[in-house]
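Everything on this sheet refers to the single structure shown next.
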Ligand code: GLP
């Protein structure tokens, strides 16, 4: 794993956007995996500015998102579909048919996760962007998730519900389930870029870097991937 140290949120966002942009411009039909959360917001701003001031043909870009809450309509202001529109898709010209999002209101969940994984396999992810939860979760793969997991339905932990409740009116409004790409789905990406900032992610970062690979720490699987870049700020590094 390659660690890039940065001093600010802006620097992290700009570096991440540069890496994503480089992958986009190096492929005829780039396929990029995207993440939500507060961490990548700045990256989406920087990336959309870069794309819009370039000659990149955005109609060639395909995206896959990591996860979605179960039960939230895509117009709900806390759905990840809504987040992606607000932070990225509304600001770029990637065609709607190239945007892949899990449907948290799918009538047939089994079919939804199965067909999503099939689409990932057909298209192949050139890069997957990730954030990390305080407990080491990536996407919505909580501690204990099998390293062999494909896209699946998950029960969220109390810690994650608590952490994500800051975006909802109250804790009770946070959905308790989600659909998420699995750890194996994420590992299929040719390249992985993970962003870790803030003091509250210090432990998650050190657990990732200590080299112990265990299902108790979902992010630790990244130690087994040949091309991972971590961008971390000084607060998360503890300097
Ligand atoms: C959610 C998302 C993750 C994200 C995590 C951290 O649980 N499913 O993909 O990495 O939150 O979010 P934040 O960046 O807001 O700390």
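The values are calculated or read from the model by the stated rules, or taken from the named source; none is laboratory data. Since the model is a prediction, treat every value here as computed from it, not as a measurement. Here the Cβ is made from the backbone with ideal geometry for all residues, glycine too, and neighbour counts use every protein chain on show.
When restricted to residues that are buried (at least 17 other Cβ atoms within 10 Å of the Cβ) and over 16 Å from residue 225 (Cβ atoms), region 162-194 contains 7. Selection over region 115-169 of residues that are out of contact with any strand residue (DSSP E or B) (no Cβ under 8 Å at 6 or more places or on another chain) and on the phi < 0 side of the Ramachandran plot gives a count of 27. Only one entry in 110, 162 is within 13 Å of the ligand (Cβ to nearest atom) and farther than 22 Å from residue 16 by Cα, namely 162. Under the condition of being surrounded by fewer than 21 Cβ atoms within 10 Å (Cβ to Cβ) and in contact with a strand residue (DSSP E or B) (Cβ under 9 Å, 6 or more places away or on another chain), the residues counted in region 205-220 number 1.
Within the set 48, 54, 115, the sole residue that is at pLDDT 95 or above, within 23 Å of residue 196 (Cα to Cα) and either surrounded by fewer than 19 Cβ atoms within 10 Å (Cβ to Cβ) or more than 16 Å from the ligand (Cβ to nearest atom) (or both) turns out to be 48.
The single residue among 63, 36, 43 that is part of a helix (DSSP H, G or I), within 15 Å of the ligand (Cβ to nearest atom) and either modelled with pLDDT of 95 or more or under 22 Å from residue 113 (Cα atoms) (or both) turns out to be 43. With the structure loaded, tell me whether residue 77 is farther than 21 Å from residue 195 by Cα, without any contact (Cβ under 8 Å) to a residue 12 or more places away in the chain and part of a loop (DSSP other than H, G, I, E, B) or whether it fails that test. It is true that residue 77 is farther than 21 Å from residue 195 by Cα, without any contact (Cβ under 8 Å) to a residue 12 or more places away in the chain and part of a loop (DSSP other than H, G, I, E, B). Each residue in region 169-189 was checked for being in a loop (DSSP other than H, G, I, E, B) and within 27 Å of residue 10 (Cβ to Cβ), and 1 pass. In region 124-153, the qualifying residues are those that are assigned to a strand (DSSP E or B) and within 10 Å of the ligand (Cβ to nearest atom), and the one that is nearest to residue 197 (Cα to Cα) is 130.
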